[in-house]
Amino acid sequence: MEGDDCGFHYGDGTNEAQDNDFPTVERSRLQEMLSLLGLETYQAQKLTLQDSLQISFDSMKNWAPQVPKDLPWHFLRKLQALNAEARNTTMVLDVPPEAWPAEKESQAEEEMMYWDPAEDVAADIYSFSELPMPDTPVNPLDLLCALLLSSDTFLQQEVLLKMSLCQFALPLVLPDSENHYHTFLLWALRGVVRTWWFQPLRSLGSFREDSVVLSRVPTFAFVRMDVSSNSKSQLLNAILSPARRQWDCFWHRDLNLGTNPREISDGLVEISWFFPSGKEDLDVFPEPMAFLNLRGDIGSHWLQFKLLTEVSSAVFILTDNISKKEYKLLYSMKESTTKYYFILSPYRGKRNTNLRFLNRLIPVLKIDHSHVLVKVSSTDSEGFVRRIRAIMCSVARSPCRRVSVEDMAHAARKLGLRVDEDFEECQKAKDRMEKILRKIKDVDAYKRDELRLQGEPARRAAQAEREFCQLQWVPEPPEKHRAELRRRVLELRVQQNGQEPTSGVQEFILGISSPSPSERQYFLRWMEWGLARLGQPRPRQPPETLLTLRPKLGGPSDLTEPLWPEPLGVEHFLREMGQFYEAESCLIEAGRLPAGQRRFAHFPGVAVELLLGGLPLELVDGATLSIPVRWVTGLLKELHARLDRRSRLVVLSALGVPGTGKSTLLNTMFGLKFATGRSCSPRGAFMQLLPVAEGFSQDLGCDQILVIDSGGLISGALASAGDRFELEASLATLLMGLSNVTVVSLAETKDIPPAVLHAFLRLEKMGHMPNYQFVYQNLHDLPVPSPKPRDRRQLLDPPSDLSRATHLEKQGGGFRTLAGLAERQHVWHIPALWHGAPPMAAVSLGYSEAIFELKRCLLENIRNGLSNQNQNIQQLIELLRRL
């Protein structure tokens, strides 16, 4: 059998019943594997995405598995961090340091303590070849299979998303060959979105972004019949790889642990894609294409093979011999319209037999001699790969079948395969989403007509409350002006409170208020994807510059006018709920509404359930550039009640100009879900909650970490921008004032954004000094320098063109001294995000390892009390009111 063929079984809420249907032998093998990996306890209660996000002792160390039960967690941690070596999960023996060679012990101690960014490597004491390395008893694809079996559908979806960012081939069909109970993974692939270069004939090209589930592309399947000396996976990797670069999208037998015996995986269908970048030297195909790989012999997995013949533009069959049995199998496909190609590596003495059967198949499969290729050890590999690529391009240019993953799912249903999306909860959530989206014909009109409390009413209310708040800093404010502002605020809030939630908002509230946590999560995912597709297809920025986009400097005259169009998202519906709550609370405070007549008091509790489920919630309203204090206070009070005695909190914020990679950094560091890319990101600041494992909370000094992403609030506008600069400086002061730890993300220029610098100095006067970490991200794949003292001085020098803040420049030295920013650990140089050129690039190993070191440093500072005094949620509420 082909050494690299492996497969999966799929797990979700129905697995308990599914496991009971297994034959005794198969169930025994599966249970033994789950027991070996310590996953048997997760068959009744599945692992969730929130389980995988917990901060624990392991979050602070670069550890290697020592027993089989460590393997799933190590793999999950590496994958969460987008580490390209996640599939190379191996075990090491638990060897005490005294057993090491003396020189290795010294080297290990040294490398554990220091990490040199200039070398772009992270120390790993377990990598020394002299240490005993036992055989890991688990094939990596068996490990992935067991992890998927033990995870709920949302964690499965996250695993596949992270695999796609690492450019790993993804599972498409998870088999149960014993019971012919196969699962097509449509839902698990929904979250994978790719960007590629699209150029119609005689037209200018542009970048297009879409879900891989919805894109119709030519599809090529590779299968094995009986025995093949050639590896399908290695051949596929060569086809997908540009000249002089090898990409291992498909796991194969020559990779680490690739020859380990499989126990629970067989019959898997994997999928990968090629997407053009618009660069001739990198694009092996001129258009997107999909590639399917059936692991195992087609005779043992006939249903999967039948599916591939019905969805593929062409099928490549690898074999050494064609016997009578295989001939009969292929003869049964005589009605198929798919094109077939054979790749032979015949055994000595079998050539005549192969030719005899091939001659019989020519009229049956409608092939000719050009459809038969021979590859032996002496064959020129590069020339052979070029020949196959030419065949594929010829097929794609001719009228051929083009399918999406959704189309494949329809074919799978007809063949009797189960589709993971066909659960009642998932379909109910989808129907509710479609009911909302059917009413959205024009986004701007929908915002105006259905989200009525936003727009102009919300902006005027926010401006009046901002002016009212600023009066507290005036020594003797005119009482008449104060009364006028109070009257204006109440008048606007009365108007808002007189409105009723529209049908779309009511439907949204019903969706997120479902008593079923799974249905709530399904609904949110459907809403995110559905809203993201509004207005598509549309031109996109090149993927390699998605992190380098800049809003225009100077800013518009209206300080709340967007610096770029803000797409309609889930946050707009939650913002509408917040405005209803704000208006009602304001009237109750003023005695204009009896507390017994409240209609929206339950809204914070509904939203907090989403926060606890992993959804980022808006802290600063991106439309009005203000904090809805009553709404945020209501959220925090509800969170305090839900967490009960586990409400000790550390606040970690990330600030920087949009496009400096701060959201990507947070997502990679902690597995969060902040929006990335200016063209799809909301403007407001968002917060997401990270739980700390109970066994680690005492040591770390907190029960939760509240992570704040400043989003698009800091535009990088200079002092000449006037009111916008003042507003941005105030918001930056607020976010940093709430924080124990602040990460400032910088790129291209070493200047701190003026608004952020202003906030530093304001907080310095107040005596509130968070732990600062300055992160310079290499966005253009340039050599990464070491943080030399001269570089640090340049980094911390205030920008020379801050003309309206000259007095800040005079205080710059004091700022640097008090913050202690001359210390090396406060300045980080992060390597480029991508290894290669997107869209086919994977996240670079150097980026992943550097982000891990930054994460370790942040957690170490929190544990050592360097992040200022930790607080509970009640104290955070009071701090929010003061600021």
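The values are calculated or read from the model by the stated rules, or taken from the named source; none is laboratory data. Predicted, not measured: the structure shown is a model, and the values here were computed from it. Every residue, glycine among them, receives a Cβ derived from its backbone with ideal geometry; neighbour counts consider all protein chains shown. Side chains included, ligands, DNA and RNA excluded: accessible areas come from the protein's heavy atoms. Shrake-Rupley method; radii C 1.70, N 1.55, O 1.52, S 1.80 Å.
Data overview
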| quantity | calculated |
| --- | --- |
| Candidates Glu109, Glu105 - the one that is open to solvent by 20 Å² or more (accessible area, probe 1.4 Å), in contact with a Pro (Cβ under 7 Å, 6 or more places away or on another chain) and at pLDDT below 50 | Glu105 |
| Which numbered condition Asp644 misses (of (1) over 29 Å from Trp526 (Cα atoms); (2) among the charged types (D, E, K, R); (3) touching a helix residue (DSSP H, G or I) at 6+ places or on another chain (Cβ under 7 Å)) | (3) |
| Tally of residues being crowded, with 19+ Cβ neighbours inside 10 Å and outside any loop (DSSP other than H, G, I, E, B) across region 575-600 | 13 |
| Only one of Leu635, Leu625 that is more than 25 Å from Lys855 (Cα to Cα), surrounded by 23 or more Cβ atoms within 10 Å (Cβ to Cβ) and modelled with pLDDT of 95 or more | Leu635 |
| Boolean, Ile264 is open to solvent by less than 10 Å² (accessible area, probe 1.4 Å), modelled with pLDDT under 90 and of a type in the set (A, V, I, L, M, F, W, C) | yes |
| Region 310-324, subset closer than 19 Å to Leu294 by Cα and not β-branched (Val, Ile, Thr), residue farthest from the chain's Cα centre (by Cα) | Asn321 |
| Residue within region 240-263 that is touching a residue at least 24 places away in the same chain (Cβ under 8 Å), over 28 Å from Lys673 (Cβ atoms) and hydroxyl-bearing (Ser, Thr, Tyr) present | yes |
| Neighbours by Cβ (under 8 Å, 6+ apart or cross-chain): first from region 294-311, free of Cβ contacts under 8 Å to residues at least 24 places away in the same chain and closer than 14 Å to Pro171 by Cβ; second open to solvent by 30 Å² or more (accessible area, probe 1.4 Å) and in a loop (DSSP other than H, G, I, E, B) | none |
| Unmet criterion (only one of (1) open to solvent by 10 Å² or more (accessible area, probe 1.4 Å); (2) touching a Lys or Arg at 6+ places or on another chain (Cβ under 9 Å); (3) at pLDDT 80 or above) for Ile877 | (1) |
| Enumeration of residues in region 373-423 that are of a type in the set (A, V, I, L, M, F, W, C), part of a helix (DSSP H, G or I) and either touching a residue at least 60 places away in the same chain (Cβ under 8 Å) or open to solvent by 70 Å² or more (accessible area, probe 1.4 Å) (or both) | Val385, Ile388, Ile391, Met392, Cys393, Val395, Ala396, Val405, Met408, Ala409, Ala411, Ala412 |
| Filter result for Leu358 (without any contact (Cβ under 8 Å) to a residue 60 or more places away in the chain and assigned to a helix (DSSP H, G or I)) | yes |
| Which numbered condition Lys162 misses (of (1) at pLDDT 95 or above; (2) more than 30 Å from His829 (Cβ to Cβ); (3) open to solvent by 10 Å² or more (accessible area, probe 1.4 Å)) | (2) |
| Total residues in region 646-696, condition more than 24 Å from Ser626 (Cβ to Cβ) and of a type in the set (Phe, Trp, Tyr) | 2 |
| Any hit, region 610-618, residues being in contact with a Ser or Thr (Cβ under 7 Å, 6 or more places away or on another chain) and open to solvent by 20 Å² or more (accessible area, probe 1.4 Å) | no |
| Strands (runs of 3 or more DSSP E) fully within region 185-255 counting 3 or more residues that are more than 30 Å from Met527 (Cβ to Cβ) and touching a helix residue (DSSP H, G or I) at 6+ places or on another chain (Cβ under 7 Å) | 217-224 |
| Selected residue (only one of Ile271, Ile322 is closer than 23 Å to Val376 by Cβ and touching a helix residue (DSSP H, G or I) at 6+ places or on another chain (Cβ under 8 Å)) | Ile322 |
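This table checks each residue for (1) over 20 Å from the mean Cα position of the chain (by Cα); (2) open to solvent by less than 10 Å² (accessible area, probe 1.4 Å).
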{"site": "Ser151", "(1), (2)": "no, yes"}
{"site": "Phe154", "(1), (2)": "no, no"}
{"site": "Pro171", "(1), (2)": "no, yes"}
{"site": "Asp176", "(1), (2)": "yes, yes"}
{"site": "Arg194", "(1), (2)": "no, no"}
{"site": "Arg208", "(1), (2)": "no, no"}
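Quick grid of which residues meet (1) under 27 Å from the mean Cα position of the chain (by Cα); (2) assigned to a strand (DSSP E or B); (3) within 30 Å of Phe207 (Cβ to Cβ); (4) touching a residue at least 24 places away in the same chain (Cβ under 8 Å):
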{"residue": "Gly267", "(1), (2), (3), (4)": "no, no, no, yes"}
{"residue": "Ser277", "(1), (2), (3), (4)": "yes, no, yes, yes"}
{"residue": "Asp283", "(1), (2), (3), (4)": "yes, no, yes, yes"}
{"residue": "Glu287", "(1), (2), (3), (4)": "yes, no, yes, yes"}
{"residue": "Leu292", "(1), (2), (3), (4)": "yes, yes, yes, yes"}
{"residue": "Leu329", "(1), (2), (3), (4)": "no, no, no, yes"}
